[in-house]
Amino acid sequence: MTVAAPLRPVARAEGGLPARRAMVRWAWRMLRREWRSQILVTLLLLVAVAVAVCGGTALYHAPPPADPTLGTARDVWVLNGQDPPAMTADITALRRAYGTVDMVGHTPERAPGLARPVDYRAQPLGGTHTGHLLAIHRGRYPSGATEAAVTTGTAKLLGLRLGGSIALDGHPRTIVGIAENPSDLTDDFVLVAPAGGPPPRSVSVFGDRHGREGPRLTTVSQRLGQGGNTDQVVITALVLAATTVLLLLVAFVAAAGFAVLARRRLRQLGMLAAIGATARQVRLVVTATGLLVGTVAAGVGATVGLLFWPLAAGRLEPTIGHRIDRFDLPWPLIAAIVVLAMAMSAAAAWWPAWAVSRLPVTLALSGRPPAPRSTHRPAALAAVGLAVGLGCLATSDRRNPILIVVGTVATALAILFAGPPAIRLLAAAGARTPVAARLALRDLARHPARSGAAVAAISLALAIPVAAVVVATAAQATPATGNLSDRQVLVRIPQPGDPPALVPISSASRLRELADRVGEMAAALPASTVLPLDLAYDPAAPPELSPTTGQPVRHAQELGSARGDSEFAMAPAYVASPALLRLAGADPAAIPRSVDVVTGQARSLVMFAPTRTRDLEHPPTVRVPGPRYTSLPDTLLTVGGLARRQLVPVRAGWLIESGQHLTGPQVAAARRIAARAGLTIESRDGQAAVQTVRASATAGGLVLALAVLAMTVGLIRSEGAADLRTLTATGADAGIRRTLTAATAGGLALLGVLLGTFGAGLGLVAVYRSDLAAFGHVPAIYPLIFLVGVPSAATAAGWLLAGREPASIARRMPQ
Amino acid sequence: MTPVLELRAVTKVYGSGAVAVHALTGVDLSVNAGEMVAVMGPSGSGKSTLLTIAGSLEQPTTGDVLVEGTPLAGMSAADRARLRRRHVGFVFQDFNLLPGLTATENISLPLELDGVRARAATAAARRALDELGLADRAGAYPDELSGGQRQRIAIGRALVGERRLLLADEPSGALDTQAGESVMRLLRDACKRGAAAVLATHDAQLAAWADRVVFVRDGVAVDQSRPPAGPESLLAAGTEPSR
């Protein structure tokens, strides 16, 4: 019956496209027939993709669609309204110079019972540059001089409602709408029609200079500008990095699942090889299964994530403080997540595929698992990976992101490769245990593909929280960076919301009163010193109005560092006292008398006059290391520079430094005193969050590790049905079954904990090698929870849940 | 005439040292086109090992194996796979067909693995099914077929294309007498059309269908002879015992 039809196979040994198509077709058919066996892996991937899509989209929308202050304009001029004709001339000049500009008038009005005035805002709807800064949430836009709209926050503060009336400026207005700034939901104001509002104290002019130099303006009090927005790029990178880690974890579990699948299909794959399939074609069957599972999970997961997105967006808006366009989806990011999930799934299937394709055909046909192979190679790879990883982490000096990423990945791979040798060691160590435990441990060693993947998944799931606990503790224990040290409190006179260079004009008696309050704060702190902070001020400059409070302020001298085409990042110039110079890392005696500016900034500094009417100056500058903390003054004007420019010091605040770490109650007490005096204070950020981070990381890690463990043990024990059948036939009872599962779970958990903790610990030692004392501050409860709690919980759960296995477990698995 | 299969002093040893197992020792065998050879022997005698070495699934420890005059020694794994696709067909006692593929797809699979386009491979498989008398079961999956039908389709898959060496390991071991006889008749017909077949069995009645019987004991081919005419040939409804 030989069919000698004139068939023309391709010349290549691999069979080309027809062969690949046949392999993928068989993989797809098997997936359809045996989808239940893949449901766990599919669901796991599906949930990971849904979380990544929903979370990634949420993070993508974390920054507002437009700058809450600038809108879509690149430049905003804040014009002082004290001299209306001059302001009108400036507006005309700006319009003539730059074409389309939007104007928003501001009039702060005092409200009874409120510390801060309410902003009467004259703003048109749908401005070219301010379209994203105003929306009518309910009701309508006000018209004429007798109508107004208010924000929800203003309505709550003042007890207003639609149809009610407001008259803070002395003119009653009917509230006809609820307005909002969609880019900043915390921005509270009263909206009036531009022609019907009170005379504005200041006007913000929104426009775009396109890099051109502007006309000379006489009433500008502030100029704002923005550079290119890199937030989305950073967020996309962060989301993809987090998704990669999440999917890597899922991929390890999936690898165990695909290893079980390959084991079940061993005889079929052997038959495939017997009729002429090459090793590559055999690999393709299993890898295609992984790719198909990944495709289904990624497709459904992305759909589920997108379906949940509108619900999540509704809950997210109050938290992030701006409106979200539900239909503005980051398609490239979502596509990247989907492709990443498919690739991870295919990669997870590749390992078992490789293992199966290397089996002798006769062994595969017999359905017998292969004898455990030598573990020298994985052990050597683990050693190499660890050496590379630790080397990169040690040389990264906590600064080089590339070395940190390479080091972390290499260390994670080392943990992966260390799994199989560790499993064999455990099996050897358990050679004298009772038969059920011995059988379970030996079973792990005989199937390194699936048990190695399981150990890797558990190790990674635990290494992440271990690292989080240590890093959080180290951040608390070594306060060498951050906004301030944990002994410092910065007291400021400028109002919150105002630029730091705007200092309220205070009388001498008021300043004495403020100094007394600061002295009161310092007295409550142990061994504290008070350092006055003065800004340089041109006494000839006219006073301005605070855009926040409408009160008169002094605009102190500023220094700008160029950050693009005619754009400058402004910093107020503090008067250089010897103590401030030392804080900035300078030796006061070593500063030449001819120097005007001492700074920790690397960029070239230019000096503006407050009125911006003078040309830019490049003052003689000395560069110093700068202060260790970001909120301390880093740009100082020397006494000589002050005198040469006829500037005078004006008190802007105080720095209180205690002899000991400040406690939460001490900071709270200082905050109360400051609030009573109308001052604002700043203390070290994030101290209260450390314990939360540690507890959350530990709880999350435990849940994740135990969930991964439950899945992998379920997969592995489902393959042990034949063993159970044999054991039952020889008289084993339910206790043996429980012990088998408990020993499997406990063994995997122990190895996962040891490898995860060991790997993360070594990596962290490499990172913190110059500051190992940080490890001593980790509370003992955390290592105990990880090292003792996880294996104990896994063993106990395995013992308890194994009793629920159905009687059908003893049947032979279908081939 | 070049034999389709030739084994020269083939030895196969599993393991080494004290635990070494000599599965085959100096086996010589030559099978010509149109010839069916039965390999008989007790369990563990080395019958299956002989078939797997002849079909390039395993490599001998020493000795040479030639398929249609081509030595297998030195071939890469991919070349051996290609040889199996084009020249060698296997039939096993059970587990012959891939679940998830229809009868037609199971038969056309070796052709597709060899790069034949799906349409041409399917046409060839359909012709094979016609000859097997299973044209009406073309779209059936293995679990929808009887044991005899599955084994006939396995034979169709083993012979599809231009393959001339058929290696069958207890092909009717899991079948009843009637289905087993049907399978043996198919193998005999294949040999009549020019294929060479090697049949491993411990059943003398099946061996009676062969032109020649090789007796293997403890890995050594101890005798080769023509089988006696068995009673099954007399029961074969007036047909001669397929020689």
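The values are calculated or read from the model by the stated rules, or taken from the named source; none is laboratory data. If you're wondering where the values come from, they're calculated on a predicted model, not measured in any experiment. Cβ: placed from backbone, ideal geometry, glycine included. Neighbour counts: every protein chain shown.
Counting just the residues of segment B:117-149 that are part of a loop (DSSP other than H, G, I, E, B) and under 23 Å from the mean Cα position of the chain (by Cα), which one comes out nearest to the other protein chains (Cβ to nearest Cβ)?
The qualifying residue nearest to the other protein chains (Cβ to nearest Cβ) is B:Y141.
Identify, by number, the condition in (1) part of a helix (DSSP H, G or I); (2) surrounded by 15 or more Cβ atoms within 10 Å (Cβ to Cβ); (3) of a type in the set (V, I, T) that A:I324 doesn't meet.
If we test A:I324 against (1) part of a helix (DSSP H, G or I); (2) surrounded by 15 or more Cβ atoms within 10 Å (Cβ to Cβ); (3) of a type in the set (V, I, T), just (1) comes out false.
Those residues that are modelled with pLDDT under 85 and within 11 Å of another protein chain (Cβ to nearest Cβ), I need them from segment B:150-185; list them, please.
B:L159, B:G161, B:E162, B:R163
Does A:R769 satisfy the criteria of being modelled with pLDDT under 80 and either under 28 Å from A:A422 (Cβ atoms) or not in a helix (DSSP H, G or I) (or both)?
yes
Quick check on my filter: what residues within segment A:117-140 are in a loop (DSSP other than H, G, I, E, B) and closer than 13 Å to A:V190 by Cβ?
Those that are in a loop (DSSP other than H, G, I, E, B) and closer than 13 Å to A:V190 by Cβ: A:P117, A:Q123, A:L134.
Might you let me know whether segment A:414-435 holds any residue that is in contact with a Ser or Thr (Cβ under 8 Å, 6 or more places away or on another chain), part of a helix (DSSP H, G or I), among the basic types (K, R) and away from chain B (no Cβ under 14 Å)?
Among the residues of segment A:414-435, at least one is in contact with a Ser or Thr (Cβ under 8 Å, 6 or more places away or on another chain), part of a helix (DSSP H, G or I), among the basic types (K, R) and away from chain B (no Cβ under 14 Å), which makes the answer yes.
Looking only at segment B:92-116, how many residues end up being among the hydrophobic types (A, V, I, L, M, F, W, C), more than 7 Å from chain A (Cβ to nearest Cβ) and part of a loop (DSSP other than H, G, I, E, B)?
So the count comes out to 2.
Among B:A54, B:A78, which is under 27 Å from A:M30 (Cα atoms) and within 14 Å of chain A (Cβ to nearest Cβ)?
When all the criteria are applied, what remains is B:A78.
I'm trying to understand the selection: among the residues of segment A:120-163, which are touching a helix residue (DSSP H, G or I) at 6+ places or on another chain (Cβ under 9 Å) and either under 24 Å from A:G81 (Cα atoms) or of a type in the set (S, T, N, Q) (or both)?
Within segment A:120-163, A:Q123, A:L125, A:G127, A:V150 meet the criteria.
Is there any pair with a first residue in segment B:14-29 that is more than 20 Å from B:D64 (Cα to Cα) and a second that is not hydrophobic (A, V, I, L, M, F, W, C) whose Cβ atoms are under 9 Å apart and which are 6 or more apart or on different chains, and what are they?
B:A20/B:Y14
Among the residues of segment A:90-130, how many are exposed (fewer than 15 other Cβ atoms within 10 Å of the Cβ) and under 22 Å from A:Q551 (Cβ atoms)?
Residues that pass the stated criteria total 5.
Answer yes or no as to whether A:S451 is surrounded by fewer than 19 Cβ atoms within 10 Å (Cβ to Cβ) and farther than 30 Å from A:Q666 by Cβ.
Spelling it out, it is not the case that A:S451 is surrounded by fewer than 19 Cβ atoms within 10 Å (Cβ to Cβ) and farther than 30 Å from A:Q666 by Cβ.
Out of segment B:89-125, which residues are basic (K, R) and within 15 Å of B:R150 (Cα to Cα)?
None; the set is empty.
Looking at this structure, is A:V203 on the phi < 0 side of the Ramachandran plot and at pLDDT below 85?
No, not satisfied.
Going by the conditions given, is A:M103 in a helix (DSSP H, G or I), in contact (Cβ under 8 Å) with a residue 24 or more places away in the chain, touching a strand residue (DSSP E or B) at 6+ places or on another chain (Cβ under 6 Å) and closer than 15 Å to A:P194 by Cβ?
The answer is no for A:M103.
Condition check ((1) buried (at least 16 other Cβ atoms within 10 Å of the Cβ); (2) touching a residue at least 24 places away in the same chain (Cβ under 8 Å); (3) in a strand (DSSP E or B); (4) more than 33 Å from the chain's Cα centre (by Cα)) across all residues:
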{"site": "A:L168", "(1), (2), (3), (4)": "yes, yes, no, yes"}
{"site": "A:H171", "(1), (2), (3), (4)": "no, yes, no, yes"}
{"site": "A:P182", "(1), (2), (3), (4)": "yes, yes, no, no"}
{"site": "A:D187", "(1), (2), (3), (4)": "yes, yes, no, no"}
{"site": "A:P198", "(1), (2), (3), (4)": "yes, yes, no, yes"}
{"site": "A:V203", "(1), (2), (3), (4)": "yes, yes, yes, yes"}
{"site": "A:E213", "(1), (2), (3), (4)": "no, yes, no, yes"}
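Which of the residues that make up segment B:5-33 are more than 22 Å from B:D223 (Cβ to Cβ) and touching a Lys or Arg at 6+ places or on another chain (Cβ under 7 Å)?
Correct list: B:A33 only.
Quick check on segment A:37-46. Is at least one of its residues modelled with pLDDT under 85, part of a helix (DSSP H, G or I) and hydroxyl-bearing (S, T, Y)?
Checked segment A:37-46: at least one residue is modelled with pLDDT under 85, part of a helix (DSSP H, G or I) and hydroxyl-bearing (S, T, Y).
Of the conditions (1) within 17 Å of the chain's Cα centre (by Cα); (2) surrounded by 24 or more Cβ atoms within 10 Å (Cβ to Cβ); (3) more than 7 Å from every other protein chain (Cβ to nearest Cβ); (4) in a helix (DSSP H, G or I), B:G89 clears all except one; give me its number.
Looking at each condition in turn, B:G89 falls short on (4).
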